[in-house]
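A quick write-up on the structure given underneath.
The values are calculated or read from the model by the stated rules, or taken from the named source; none is laboratory data. These figures come from a predicted structure and were not determined experimentally. Here the Cβ positions follow ideal geometry from the backbone for every residue, glycine too, while neighbour counts run over all protein chains shown.
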2 protein chains.
Amino acid sequence: GLKKPSRVGGAVTHRRQRAVVRAESINPEIRKSEEKVVDSVIVSELSKPLTAYCRCWRSGTFPLCDGSHVKHNKANGDNVGPLLVKKQ
Amino acid sequence: GLKKPSRVGGAVTHRRQRAVVRAESINPEIRKSEEKVVDSVIVSELSKPLTAYCRCWRSGTFPLCDGSHVKHNKANGDNVGPLLVKKQ
Ligand code: FES
Ligand code: FES
């Protein structure tokens, strides 16, 4: 919107303020055609003793964690990490 | 920073541009004292056939999903949802 006119060296200027619309998307890229991204783990089908699932929405192997949370955390001062599913 | 001086009605003005620092935190609130929030599920300890785990970082019962992703998605045009862990 427009701020009130202000005097600068005798000239009247209108300073346009930028409306900062922050789209607080947690997920910028993954499966955006889906209305809601839900994944299922059938525990009886897990092959490994430990599987890490992504909660940062930056993994190249989503829904699995590929370690991309490290870069995200560093770049943004964040502290997110995966969910570990352990068979035992 | 400062933009180049511009002439407005004959007056020289310096228009300060706002540096928009977008802190793209996925997690604004949960366990911020921890360097990285990692949780573990021991599948043998799951009591219910299905447990939903939060991936939106807005749940009041994190690491469990309490449905808060619905409000987040609506407010932000996002499409995140939980990870379902199924015993069978
Ligand atoms: S890559 Fe997303 S939590 Fe690890
Ligand atoms: S409350 Fe976070 S995914 Fe459901």
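Note on region B:66-88: among residues that are touching a Pro at 6+ places or on another chain (Cβ under 7 Å) and within 21 Å of A:Arg58 (Cα to Cα), the one that is nearest to the other protein chains (Cβ to nearest Cβ) is B:Leu83. Counting only residues that are at positive phi and surrounded by fewer than 20 Cβ atoms within 10 Å (Cβ to Cβ), region B:56-68 holds 1 of them.
Hey, any hits in region B:69-76 for a residue that's surrounded by 11 or more Cβ atoms within 10 Å (Cβ to Cβ), more than 12 Å from the chain's Cα centre (by Cα) and not in a helix (DSSP H, G or I)? The answer is no, given that none of the residues of region B:69-76 is surrounded by 11 or more Cβ atoms within 10 Å (Cβ to Cβ), more than 12 Å from the chain's Cα centre (by Cα) and not in a helix (DSSP H, G or I).
Looking across B:Ile30, B:Ile42, one residue alone is touching a Phe, Trp or Tyr at 6+ places or on another chain (Cβ under 7 Å) and at pLDDT 95 or above. It is B:Ile30.
Only residues that are surrounded by 11 or more Cβ atoms within 10 Å (Cβ to Cβ) and out of contact with any Pro (no Cβ under 8 Å at 6 or more places or on another chain) were counted in region A:42-55, giving 5. For region A:1-17, a residue qualifies if it is modelled with pLDDT under 50 and at the interface with chain B (Cβ under 7 Å from one of its Cβ atoms), and the qualifying residues are A:Val8, A:Gly9, A:Gly10.
List every residue pair whose Cβ atoms lie under 9 Å apart, where the two residues are 6 or more positions apart in sequence or sit on different chains, the first residue falls within region A:38-65 and is more than 8 Å from every other protein chain (Cβ to nearest Cβ), and the second residue, located anywhere, is of a type outside the set (D, E, K, R) and more than 16 Å from ligand 1 (Cβ to nearest atom). Filtered contacts from region A:38-65: A:Pro49/A:Gln88.
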